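S.K.: So that we are looking at the same thing, I have put the structure below in C-alpha cells.
The values are calculated or read from the model by the stated rules, or taken from the named source; none is laboratory data. Since the model is a prediction, treat every value here as computed from it, not as a measurement. For neighbour counting, all protein chains shown are included, and Cβ atoms are generated from backbone atoms with ideal geometry for every residue, glycine included. Please note that ligands, DNA and RNA were not included when accessible areas were found on the heavy atoms of the full protein model with its side chains. Shrake-Rupley method; radii C 1.70, N 1.55, O 1.52, S 1.80 Å.
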Amino acid sequence: MKNGLYTGCTAKESTPELLKSTLLVAKTLGIEIEVLNEASCCGAGHLQDFDEFLSLVINARNICLAEKRGLKMVTLCNTCQLMLENTKRKLDVDEKLKEKVNQKLGELGYKYVGNMKIQHFLYSNLEHIGYEEITKHIKRPLNLKIAPFYGCHIIRPSKTHDGDNLNENPYKPNAIENLIKVLMGESIDYPTKLKCCGFHVDLQNTPVSEKLTSNILEDATNAGAEAIVTPCPLCHLNLDVKQRAIAKRKNKDFNIPVLHLPEMLALAFGYSAEEIGLNHHVIDVKF
C-alpha cells in the first residue's frame, strides 16, 4: 500500500517527533510512503475566514500532488484532514466551482480531478493494516493506563468522519481505545475525551482555551491515566507545551506525558525514545 503523506506544517516544524515516529511505524508495518514535500499549509480553518476561494485553491493543489502520483492521501493532523476533506467534498459536488478552481490551478500546471481518498493515519492503518497485523509487531507491551483524546476535527462534523468502513461511530468512537488495548495498554475513560482542546480558541480567547485544556488534563489525571494519546499535533501542542503554564496558573498538579498516536505505536514496536524523538516533548515521557 503506497500513500502520499501530507505532513501539514506542524509535523515538520513544531512536532518533528510526529513525523519521525510516523515513518518508523510505516516502515514496521510495510506501508510505502512518499512524503508530499511540495505541499503547503492547509490554512487550519483560519485562512478560510479571510479568503475561502484561496483556501480551496491551496488545498486543491495539495490534493493534486497526491493525485498526480496516483497515491492515496494520508494526513497526520485532525485539522488538515478536515480542511482537505472539506475541499474535496465541495469541489466534487459543484462542477462550476471545480472549474473555477481549476482555472487558477492551471496557471501552476495542476488540475484537480477528485479521484482519490483522503484518510487520517489512524483510520488508514486500522482499515488497511488491521489490529491483527499490528499485534504481530509488538515487542514492548505498553502496560500503561492511557487516556485517549480524539480532538474535534477527526470526529466532527460527522459527515467528514473517515472511519465509516470500520463501523466507527463519530459520536461514540472507539478506534483509539481498541488500539490501546491491542498494544496491551489499559484505555482510561474520562468525561472530556471528545471535547475541544482549545487550540483554535486561543487566538480569540486565551482564558477559555486554557480552561478547555485544563479540563482535559484534570479529568485524565483524576481518572488515573499515566499518559494521554492524541491523533492531532495541534491538540498535542496544547496538552503538552502549555501544560506547565496552565498548571501554575490554575494551581493544579499536572505532570502527565502526552503521546502522538504514532509514538504510542512506535513505543510498542520497540523503538527507543531517541529514535522516536521523545526528547522534543515538554513534559518528560518516562515509562
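S.K.: Please determine whether any residue of region 138-153 is among the small types (G, A, S), surrounded by 20 or more Cβ atoms within 10 Å (Cβ to Cβ) and within 19 Å of L237 (Cβ to Cβ).
M.R.: Taking every residue of region 138-153 in turn, at least one turns out to be among the small types (G, A, S), surrounded by 20 or more Cβ atoms within 10 Å (Cβ to Cβ) and within 19 Å of L237 (Cβ to Cβ).
For every residue, the table says whether it meets (1) touching an Asp or Glu at 6+ places or on another chain (Cβ under 6 Å); (2) closer than 18 Å to T213 by Cα; (3) charged (D, E, K, R).
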{"residue": "C152", "(1), (2), (3)": "no, yes, no"}
{"residue": "S158", "(1), (2), (3)": "no, no, no"}
{"residue": "P173", "(1), (2), (3)": "no, no, no"}
{"residue": "K181", "(1), (2), (3)": "no, no, yes"}
{"residue": "K195", "(1), (2), (3)": "no, yes, yes"}
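S.K.: Filtering region 224-263 down to residues that are surrounded by fewer than 20 Cβ atoms within 10 Å (Cβ to Cβ) and of a type in the set (S, T, N, Q), which residue is modelled with the highest pLDDT?
M.R.: That would be N255.
S.K.: Right, another one. Given the condition open to solvent by 50 Å² or more (accessible area, probe 1.4 Å), in contact (Cβ under 8 Å) with a residue 60 or more places away in the chain and in a loop (DSSP other than H, G, I, E, B), answer yes or no: does some residue in region 7-20 qualify?
M.R.: yes
S.K.: To continue, here is another question. When region 242-256 is examined, which residues are found to be over 19 Å from the mean Cα position of the chain (by Cα) and of a type in the set (K, R)?
M.R.: R244, K248, R249, K250, K252
S.K.: Among the residues of region 226-241, is there at least one that is in a loop (DSSP other than H, G, I, E, B), more than 17 Å from the chain's Cα centre (by Cα), under 28 Å from P141 (Cβ atoms) and in contact (Cβ under 8 Å) with a residue 60 or more places away in the chain?
M.R.: Yes: one or more hits.
S.K.: Provide a single number: the residues in region 35-60 that are assigned to a loop (DSSP other than H, G, I, E, B), more than 19 Å from K100 (Cα to Cα) and free of Cβ contacts under 8 Å to residues at least 12 places away in the same chain.
M.R.: Qualifying residue count, region 35-60: 1.
S.K.: State all residues of region 178-204 that are in contact with a Lys or Arg (Cβ under 8 Å, 6 or more places away or on another chain) and open to solvent by 60 Å² or more (accessible area, probe 1.4 Å); if no residue qualifies, say none.
M.R.: Within region 178-204, just E186 meets the criteria.
S.K.: So, one more: For region 201-216, state whether one or more residues are in contact (Cβ under 8 Å) with a residue 60 or more places away in the chain and either closer than 25 Å to T7 by Cβ or within 19 Å of the chain's Cα centre (by Cα) (or both).
M.R.: yes
S.K.: In region 61-74, which residue that is closer than 30 Å to V201 by Cβ and in a helix (DSSP H, G or I) is most open to solvent (accessible area, probe 1.4 Å)?
M.R.: Looking at residues that are closer than 30 Å to V201 by Cβ and in a helix (DSSP H, G or I), I get R61.
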